[in-house]
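A short worksheet on the structure shown next.
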Amino acid sequence: ESYHPEVLEAAALAGAAVFNLTGIRAEADVLRLARDFGAAVVHCYVQGETVRHATDFTFAEDMVEAQADYFRERLAQARAAGVTRNIVDPGLGFYYRNLEDGDLRVNHQLQTFLNTFRLRPLGAPTMNILPHAPEVFGAEHRRSAEPFFAVLALLGGTHIVRTHELESVLRVRAALGRYRDDVAECVPNR
């Protein structure tokens with residue numbers, strides 16, 4: 001993740017194969033580099049230039065449709081630039097001031113997970129990071145949060161799950177995979 005093309009170029013030269021684009025700053029340069037290096041781009045839903053510049057989150061009547069509109073534009077830009085490996089991340093509101101209240105943010109996250117399947121018509125895989133939600137699970141049980149959210153994300157149609165709790169989430173994925181053939185890939189969050 002970087003908004004500095006020179007950093008992404010150095011990362012690509014060192015073997016990075018995925019750029020996490022959390023905003024639109026330097027988007028044209030990032031897409032050019034992704035095309036040139038054959039890197040995948042994760043397009044994150046952001047209300048603002050970058051997540052680092054996010055202020056308050058604005059809820060739409062239908063958040064998934066608002067996200068789909070955003071991603072249609074991002075994917076059109078990427079495809080026009082020659083980027084063939086695109087992933088969409090609907091975002092979970094970690095950086096917005098008005099989502100610091102745990103209940104409001106967690107409710108948004110629950111809705112995002114359960115409605116991710118609605119982004120599938122965009123033609124790009126979806127990715128979600130799994131939160132800790134210590135305000136819900138308590139600081140001493142925060143490790144339990146990611147497997148819980150993994151169930152919701154996987155049932156909601158997420159293709160790629162980004163997690164700190166890889167072993168537990170892989171077990172959840174395996175358990176769900178016994179009954180579903182479309183469960184997500186799990187990648188460590190490092």
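Filtering region 110-127 down to residues that are polar (S, T, N, Q) and out of contact with any strand residue (DSSP E or B) (no Cβ under 6 Å at 6 or more places or on another chain), which residue is farthest from I87 (Cα to Cα)?
Q111
Only one of the numbered conditions (1) more than 24 Å from R52 (Cβ to Cβ); (2) at pLDDT 85 or above; (3) outside any helix (DSSP H, G or I) is not met by A150, and that is (3). Filter region 40-55 down to the residues that are open to solvent by 30 Å² or more (accessible area, probe 1.4 Å) and farther than 24 Å from A12 by Cβ and list them by number. Residues satisfying the conditions are Q47, G48, H53, T55. For region 56-111, which positions are assigned to a loop (DSSP other than H, G, I, E, B) and open to solvent by 80 Å² or more (accessible area, probe 1.4 Å)? Result: T58, F59, E61, T84, R85, F94, Y95, E100, D101. Of all residues in region 166-190, those that are closer than 19 Å to A145 by Cβ have Cβ atoms under 7 Å from Cβ atoms of residues that are modelled with pLDDT under 70, 6 or more apart or on another chain, in L166/C186; L166/P188; V169/C186; L170/C186; R173/V183; R173/A184; R173/C186; L176/V183. Screening F137 with (1) more than 17 Å from the chain's Cα centre (by Cα); (2) surrounded by 16 or more Cβ atoms within 10 Å (Cβ to Cβ); (3) more than 19 Å from V172 (Cα to Cα) gives one miss only, at (3).
The values are calculated or read from the model by the stated rules, or taken from the named source; none is laboratory data. Treat the numbers as computed from the prediction; the structure is a model and nothing was measured. Reconstructed Cβ throughout: ideal geometry from the backbone, glycine too, with neighbour counts over all protein chains shown. All accessible areas refer to the heavy atoms of the entire protein, side chains included, with ligands and DNA or RNA removed. Shrake-Rupley method; radii C 1.70, N 1.55, O 1.52, S 1.80 Å.
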